[in-house]
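Asker: Handing you a structure now.
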Amino acid sequence: MKIVSVINYKGGVGKTTVTANLSAELAWRGYKVLMIDLDPQTNLTFSFIRPDEWQNSLAETKTIKQAFDSLIDGSTFDINSLIVEPARVKQRLDGNGKLHLISSHLGLINVDLDLATLLAGANMKQSKKNFLKVHRRLADGIADIPSGEYDVVLIDCPPNFNIVTKTAIVASDYILVPTRPDFLSTLGIDYLIRNMNELVRDYNDYAEEGEDATAPIMPSTIGVLFNMIQERSEAPIQAQQTYISQLSRLGGLVIFDDYIKRNDTLFASAPEEGVPVVLKGTTGGTYKSVVDGLEAVASEFVDKIDL
């Protein structure tokens, strides 16, 4: 099972669009996919689950917030109890693959403060133990999922580097960074990569010490994926190509060869319908062009993580 976090400091870069459509396309190809929504904005959740359904059936007992609440209050927890199968996308997949979801919660935004209180310890040894316990919360939960249940887990992260986001990085084999081709969206990517590398170093320093030694983590950044691309003559417009080229010149960053094209009408209407664009089945030149791009991104993603 491959675990991939989808992350960018900047909001509005299409993290949820990428996660939803990539997950749906992989499921359509026959893969077994689990999505985890870690963003308190719950956009991924509401892309598949109606808000009233979420409120009535999931909000109290079946969101990822329960995973962190149980750590805070010391209660037992089973991540498998949080998994749901969105009905509308299941119908569209028609048995091709599997697409499941662990939904988010608006209250997740307050969890970081409570988790921070758990990081303290009476001495250095206890502090390091608490650091590992808190930062491994999501990894330990995912480890309880039966072997072979999923081929890939995609985690939609919030646009920050708080503790909840760090638990996703600790749990991940790979990091995917979606971005728009503009100044603000690409500005913090190098800083994000450096912060992730620092987290990995700190975690591994703590992990190898003492009687509670645990395996080190080695998440790999599989690449930057450009989203919301406007084309002219089947290539990004010059203004966007400038930022693509600039980011390509940053040392150590891999850029996806393929990209997701911009179509505000198609992508804006998809969440209300509960079915990602890539599964809509609509015909027509514009739709086909967008879906062709999504499919190419999915193929490149499969190759990069050796799925």
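The values are calculated or read from the model by the stated rules, or taken from the named source; none is laboratory data. All values derive from a computational prediction rather than experimental measurement. Note that we place each Cβ from the backbone using ideal geometry, even for glycine, and neighbour counts take in every protein chain shown.
Asker: Looking at (1) of a type in the set (A, V, I, L, M, F, W, C); (2) part of a helix (DSSP H, G or I); (3) closer than 20 Å to residue 170 by Cα, find the lone condition where residue 27 falls short.
Answerer: Residue 27 satisfies all of (1) of a type in the set (A, V, I, L, M, F, W, C); (2) part of a helix (DSSP H, G or I); (3) closer than 20 Å to residue 170 by Cα except (3).
Asker: Please enumerate the residues belonging to the range 269-307 that are surrounded by 12 or more Cβ atoms within 10 Å (Cβ to Cβ), modelled with pLDDT of 90 or more and charged (D, E, K, R).
Answerer: Matches in the range 269-307: 295, 300, 304.
Asker: Looking at residue 10 and the list (1) at pLDDT below 95; (2) over 20 Å from residue 159 (Cβ atoms), which single condition is not satisfied?
Answerer: (2)
Asker: On to the next question. Between residues in the range 138-155 that are without any contact (Cβ under 8 Å) to a residue 12 or more places away in the chain and within 15 Å of residue 81 (Cα to Cα) and residues that are in a helix (DSSP H, G or I) and among the hydrophobic types (A, V, I, L, M, F, W, C), which pairs lie under 9 Å by C-beta distance while being six or more apart or on different chains?
Answerer: Close Cβ pairs satisfying both conditions: 140/79; 140/171; 143/79; 143/171.
Asker: Looking only at residues in the range 232-254 that are assigned to a loop (DSSP other than H, G, I, E, B), within 14 Å of residue 177 (Cα to Cα) and out of contact with any helix residue (DSSP H, G or I) (no Cβ under 7 Å at 6 or more places or on another chain), which one is modelled with the highest pLDDT?
Answerer: Going through the qualifying residues, I end up with 254.
Asker: What is the number of the single condition among (1) under 16 Å from the mean Cα position of the chain (by Cα); (2) assigned to a loop (DSSP other than H, G, I, E, B); (3) surrounded by 20 or more Cβ atoms within 10 Å (Cβ to Cβ) that residue 176 does not meet?
Answerer: All conditions are met except number (2).
Asker: Of the conditions (1) assigned to a loop (DSSP other than H, G, I, E, B); (2) more than 25 Å from residue 261 (Cα to Cα), residue 9 satisfies every one except a single condition; which number is it?
Answerer: (2)
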